Amino acid sequence: MSTRSSDDRTPRWLSSDEERAWRAFRRVVAAVQAGTVRDLVEVGLSEPDYEVLSTLSERPGNTSTLHEQAAKMDWSRSRLSRHAGRMEERGLLRREPDPADGRGCLLVLTEQGLDTLAEAAPAHVASVRRHFIDRLAPEDLAALEAIARKVEGAEG
């Protein structure tokens, strides 16, 4: 959807309804994220830590390429590499050379990382329920899924 009018010089400003919806969406995202991030900190993890650990736990061999993980998180490879280094120092994962990419590496979940995730997951799921899921009706969740599919399918 274009943000410009047909003459391409004047922005297509948001209507009152559109602006209210946009601001409501932003408030929801901020509120849910603030709550779940705060709850993760209580169990000793950051939101990116949890994302990396949970993703690795779902992958065959608890392993992912740095490139795949960076794309999933919408991070640059260098940003994720620095974060993975900090996680590696804490014993949560290890990095190994990627045989398919001489410049890349594999992220491998360690036993300590798996144990940390197992301890954090129940609290995280409870947090997601408390700050989001339990506040919505099943039809709200279905509508959100439909909206997400439309937005994800939209061209940038």
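The values are calculated or read from the model by the stated rules, or taken from the named source; none is laboratory data. Computed from a prediction, not measured in an experiment: that's the story for all the values here. Neighbour counts are summed over all protein chains in view; Cβ atoms, including those assigned to glycine, are modelled from backbone coordinates with ideal geometry.
A few remarks follow.
- Being surrounded by 14 or more Cβ atoms within 10 Å (Cβ to Cβ), modelled with pLDDT of 95 or more and touching a Cys at 6+ places or on another chain (Cβ under 9 Å) is a description that applies to Arg95.
- If the condition is being assigned to a helix (DSSP H, G or I) and under 21 Å from the mean Cα position of the chain (by Cα), then the range 126-139 contributes Ala126, Ser127, Val128, Arg129, Arg130, His131, Ile133, Asp134, Arg135.
- Whichever residue in the range 118-156 is acidic (Asp, Glu) and closer than 25 Å to Pro48 by Cα and, among such residues, is surrounded by the most Cβ atoms within 10 Å (Cβ to Cβ): Glu119
- Leu114 under 14 Å from Glu51 (Cβ atoms) and in contact with a helix residue (DSSP H, G or I) (Cβ under 7 Å, 6 or more places away or on another chain): no
- So Val52, is it of a type outside the set (Gly, Ala, Ser), at negative phi, modelled with pLDDT of 95 or more and under 11 Å from the mean Cα position of the chain (by Cα): yes
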